[in-house]
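No lab work stands behind these numbers, since they all come straight from the coordinates. Given the structure is predicted, the values throughout are model-derived calculations rather than measurements. Because the Cβ atoms are built from the backbone with ideal geometry, glycine has one as well, and the counts that use them run over all protein chains shown.
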Amino acid sequence: MITVKIIVSNPFQENTIVLSDQTKECIIIDAGGYTPQENKALSDYIESNGLKPVMAVNTHGHVDHMLGVNYVKERYGIPFAIDGRDAFLIESAPTHGAIYGFKVDSVPTIDIDLQGKKEVRFGDTAMEIIETPGHTPGHICLYNKDEKLLITGDTLFRESIGRTDLPGGDYSWIMRSILDKLMPLGGDVHFYPGHGQDSTIGHEALYNPFVTEVLGGEVNY
Ligand SMILES: [Zn+2]
């Protein structure tokens, strides 16, 4: 049984997500803690529940999703995993951060390149890697079929989608990722995005305007 914990972090209201199972092992997805208080909220949750982090995993390389990665790497001695096609975003985080008013002192080293990998594991749990380029070239989602649980990063939000006007973004790609890879997972799949509220694929099929305008033939992608 997977337990999901969201810690909303930094001025972009980014969802830092902890997934754990009955073994108490966990992964930390998109560690976005910027202030000491945000990082403490994350480690308080982990430590008060007796969790053992085994990996920091990112859905993509944007600065608001990686501000706390060095903190968790150092505190727990865990590797950092991301699709290597987003390495350019991690490397340019100090520059991108400055544009948005974030001070990024040090860039985390990428320890595991997830490009071409099938899954990430913790405890008794495997999360399948689904490549969903579009918001960024190396964006991935993480999916557990048994529990119909999906982590969508900035690909799919409740009633919205991720921006495609940033470097490496592409509207056709993100729509193909959503329509060809995420929607077919099924209406009862529950997902947690990188910003905002959780939702289901079924809800998005009916109420996400970016999805319905394509399904209704109003827009080509
Ligand atoms: Zn993003």
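Annotations for the structure displayed:
- Radius of gyration and Dmax over the Cα atoms of segment 75-138, both given in Å: 13.8, 41
- Diffusion coefficient, µm² s⁻¹, Stokes-Einstein with Kirkwood Rh over alpha-carbon pairs of the chain at 25 °C and 0.890 mPa s: 142
- Of the trypsin sites (Lys or Arg not before Pro) in segment 102-171, the ones in a loop by DSSP (not H, G, I, E or B) with at most 16 other beta carbons within 10 Å are 103, 117, 118, 145, 148, 163.
- Exceeding the 29 Å Cα-Cα cut-off - candidates 24/148; 40/118; 52/117; 52/181: 40/118; 52/181
- Förster-model FRET efficiency, 35 Å R0, residue 35 and residue 206, C-beta, rounded to 0.05: 0.40
- Sorted fewest first by neighbouring Cβ atoms within 10 angstrom, 130, 7, 99, 151 come out as 99, 130, 7, 151.
- Using Cβ point charges alone (K and R +1, D and E -1), the dipole size of the chain about the Cα centre works out to roughly 300 debye.
- Mean projected area (nm²) of the alpha-carbon convex hull when segment 135-221 is viewed from all directions: 5.1
- The chain: angle of helix 36-48 to the longest principal axis, Cα-based, in degrees nearest 10: 80
- Placing unit charges on the Cβ atoms of the charged side chains and taking the dipole of segment 3-215 about its Cα centre, the candidate lying farthest along the positive direction among 206, 35, 11 is 35.
- Here segment 3-215 carries DSSP beta bridges of which approximately 70% are antiparallel, counting only pairs with both residues inside.
- Cα convex hull, segment 15-116: 90 Å³ per residue, rounded to a whole number.
- Estimated from helices alone, the mean residue ellipticity of the chain at 222 nm is -6500 deg cm²/dmol (sum of -39500 (n - 2.57) over DSSP H runs with n ≥ 4, per residue).
- Were the residues from residue 47 through residue 160 laid out at 0.36 nm apart, the gain over their Cα-Cα distance would be 37.3 nm.
- Annotation: amide H of residue 119 within the under-5 Å range of 129, sequence separation 5 or more or interchain, hydrogens built in the peptide plane.
- Whole-Å semi-axes of the ellipsoid equivalent to segment 1-60 (Cα gyration tensor, √5λ, descending): 19, 13, 9
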